[in-house]
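No lab work stands behind these numbers, since they all come straight from the coordinates. Predicted, not measured: the structure shown is a model, and the values here were computed from it. Heads up, the Cβs are rebuilt from the backbone with ideal geometry, glycines too, and the neighbour counts pull from every protein chain shown.
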Amino acid sequence: MKRRIFTILKFALMAYGIIGIAVYYLQDYILFHPERRAKEAKWTFDIPHRDINVPFNDSANMNVVQFTAGDTPRGVVLYFHGNRKNIAWYARYAKNFTKHGYEVWMIDYPGYGKSTGALTEQSLYAYAEQLYKLALPRFTPDKIILYGKSMGTGIAAWLATRKNCQQLVLETPYYSMRTLVQHYLPIYPVRRMIHYNLPTYSYLPEIIVPVTIFHGTDDGVIPYSQAERLKPLLKKGDAFVAIPGGSHNNLNDYPQFHQKLDSLLDLH
């Protein structure tokens, strides 16, 4: 009996070690799911847009798609998307803003779409800051909305602590990337294993502009509990919008989501 228990324990420890090592070395493949695109390829969207390649440094290119909204836009939404594919996957959401007269500028992160460069937490922040700098010649800070979806929420929150803007909107945010991974791997020392932190919780208390959070109660990717932990960090005047039954990728299907988003965009 003791021998059997020892054998089971030995295999359990081996499995624990193998899984932990795999997560550590393959974390970029687990966390990020980019789809590359040739730099010379053309985007085909049913919304008027400009496709811009910005040299980020000597070896990296940052691709920006600017969805336009007429000759005199009311402002611009700097949209930081999630961890899937590239801009083409998220382009459908641009209409939520262009119909209100806002341009929508989306970037692809390093390794996504036409963007190149090394993917690190710092490069995610650096690309976000570069996008903001591109917007400034045309839009004053009170005309700039920062919008983060899923993985992009931590990036948008970081930017809102460093740059002036009109407001910050977070769709399906996490408390931090490490706490999110910890949710799925509760028996592992995630803080030591995962290179990416993106601590949304540490940024929210520093943000002085209005913040709105959207989260579905049935989110199977970033659990609703992650957003609930951010609730106490919101200041007076901020909004937390729970979408009953909403999951990770379908909030756009809910009238409640559009009612609140429309009201935010029509305030200015």
*Quick one: Karplus J couplings for segment 116-131, per residue in order, coefficients 6.51, -1.76, 1.60, θ = phi - 60°, nearest Hz, x for Gly and Pro?*
10, x, 7, 8, 9, 4, 5, 6, 4, 5, 5, 5, 4, 5, 5, 4
_Derived scalar couplings ³J(HN,Hα) [segment 171-178; Karplus, 6.51 cos²θ - 1.76 cosθ + 1.60; whole Hz; x for Gly, Pro]_ = 10, 6, x, 10, 5, 7, 5, 5
*asked:* Which one, P141, P232, P73, has the greatest fluctuation when you compute a Gaussian network model over the chain with C-alpha springs under 10 angstrom?
replied: P232
*Using only Cα atoms, locate the centre of segment 190-257 and the centre of segment 45-95, then give the distance between them in Å, rounded to an integer.*
23 Å
*Any idea what the relative contact order of the chain is, in percent, if you count C-alpha pairs under 8 Å spaced at least 6 apart?*
14 percent
*Kindly identify segment 1-157 as rounded, prolate or oblate by the Cα gyration tensor criterion: order the square roots of the eigenvalues as a ≥ b ≥ c, call it rounded if a/c is under 1.5, otherwise compare a/b with b/c, prolate if a/b is larger, else oblate.*
prolate
_For F214, residues with placed amide H under 5 Å, excluding near neighbours_ = L170, E171, T172, V241
_Size of electric dipole in segment 32-266: Cβ of Lys, Arg +1 and of Asp, Glu -1, about Cα centre, debye, nearest 20_ = 280 debye
_5 angstrom amide H check on F80, placed H, neighbours 5+ away_ = Y147, G148, K149
*Counting other Cβ atoms within 10 Å, keep those with at most 10, restrict to DSSP loop, and tell me which trypsin sites (Lys or Arg not before Pro) in segment 203-237 are left.*
K236
*Net charge, V241 excluded, C-beta distance under 15 Å - Lys, Arg +1, Asp, Glu -1*: -4
*What residues qualify as long-range amide H neighbours of Y102, i.e. H under 5 Å apart, gap of 5 or more or another chain, H built at 1.01 Å from N?*
R74
*State the answer as a single residue: which of F56, T98, M14 lies farthest towards the positive end of the charge dipole of the chain, with beta carbon charges of +1 for Lys and Arg and -1 for Asp and Glu, about the Cα centre.*
M14
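Once you have the Kirkwood Rh of the chain from its Cα pairs, apply Stokes-Einstein at 4 °C and 1.567 mPa s and quote D in µm²/s. Don't skip to the end; give the middle numbers.
Details: Rh = 19.5 Å.
So the translational diffusion coefficient is about 66 µm²/s.
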*Please give the net charge around H215, taking every other residue with its beta carbon less than 15 angstrom from that of H215, where Lys and Arg add +1 and Asp and Glu add -1.*
-2
_If you take every DSSP beta bridge fully contained in segment 32-266, what fraction is antiparallel? Give it as a percent rounded to 5._
30 percent
*Check cross-link reach from K114 to the lysines: straight Cα distance under 19 Å, and skip same-chain residues fewer than eight apart.*
K39, K42, K85
_Can you return the lysines within cross-link range of K260? Criterion is Cα-Cα under 26 Å, with same-chain partners fewer than 8 residues away left out._
K95, K99, K143, K149, K163, K231, K235, K236
*Show that you can apply the helix-only estimate: for the chain, add -39,500 (n - 2.57) for every DSSP H stretch of four or more residues, divide by all residues, and state [θ] at 222 nm to the nearest 500.*
-10000 deg cm²/dmol
_Phi to ³J(HN,Hα) by Karplus 6.51 cos²θ - 1.76 cosθ + 1.60 over segment 183-197, Hz, x for Gly, Pro_ = 4, 8, 10, x, 9, 10, x, 4, 4, 8, 9, 9, 6, 9, 10
